[in-house]
Amino acid sequence: MKRIIVFGAGKLIKDAISYLERYYSISGLVDNDLNKQGKKIGKYEIKSSDVIKELPYNDIVIVSEHWQEILKQLYTDYCITRAYRYIQAIGKDSSIEISLRRVCALPLYQDIEPRKINST
């Protein structure tokens, strides 16, 4: 089973976790909001994005309306060039439609140099 990091702990996170757990092993839940860090959603404690360097993962799923800013952060801080965006919409028949859409930092942020990360 693929391991993922879920980035974002906003209003859709409970639905997103419920859906994602069916198909992936969630290595961690991260959010930039200091007020959310340390709190739990289900069995997952919300951590700072700094743990991305330490957690095992195959992909990152962004669960946030601010996905572009997060994608830019992933690229500049961690040299991550792609992630998946969790999208939840209401269908014509009032059903909930969920999709994961691949999003790439390049060429969006090609003029930005990623920061060098020191490995310890």
For residues that are on the phi < 0 side of the Ramachandran plot, outside any helix (DSSP H, G or I) and surrounded by fewer than 16 Cβ atoms within 10 Å (Cβ to Cβ), tally how many sit in region 41-52. 3
If the Cβ limit is 6 Å and pairs must be 6+ apart or interchain, which residue in region 53-65 that is part of a loop (DSSP other than H, G, I, E, B) pairs with which residue that is open to solvent by 30 Å² or more (accessible area, probe 1.4 Å) and of a type in the set (D, E, K, R)? 56/3; 57/3; 58/2; 58/3
Residue hits (region 6-40; under 16 Å from residue 85 (Cα atoms) and assigned to a loop (DSSP other than H, G, I, E, B)) are 8, 9, 10, 11, 12, 21, 23, 24, 31
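Just to be sure I understand, how many residues within region 80-110 are open to solvent by 70 Å² or more (accessible area, probe 1.4 Å) and touching a residue at least 24 places away in the same chain (Cβ under 8 Å)? Explain how you work it out, then say what you get.
Let us first name the residues in region 80-110 that are open to solvent by 70 Å² or more (accessible area, probe 1.4 Å), namely 82, 90, 92-94, 96-97, 101-102, 106-108, 110.
This time we only want the ones that are touching a residue at least 24 places away in the same chain (Cβ under 8 Å), so: 96, 106, 108.
Number of matching residues: 3.
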What number of residues within region 7-40 satisfy the criterion of being buried (at least 19 other Cβ atoms within 10 Å of the Cβ), in contact (Cβ under 8 Å) with a residue 60 or more places away in the chain, touching a Ser or Thr at 6+ places or on another chain (Cβ under 9 Å) and among the hydrophobic types (A, V, I, L, M, F, W, C)? 1
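The values are calculated or read from the model by the stated rules, or taken from the named source; none is laboratory data. Bear in mind that the values here come from a model prediction, so they are computed numbers and not experimental data. Neighbour counts run over all protein chains shown; Cβ positions are idealised from the backbone, glycine included. To get the accessible areas, we keep the full protein, side chains included, count just its heavy atoms, and leave off ligands, DNA and RNA. Shrake-Rupley method; radii C 1.70, N 1.55, O 1.52, S 1.80 Å.
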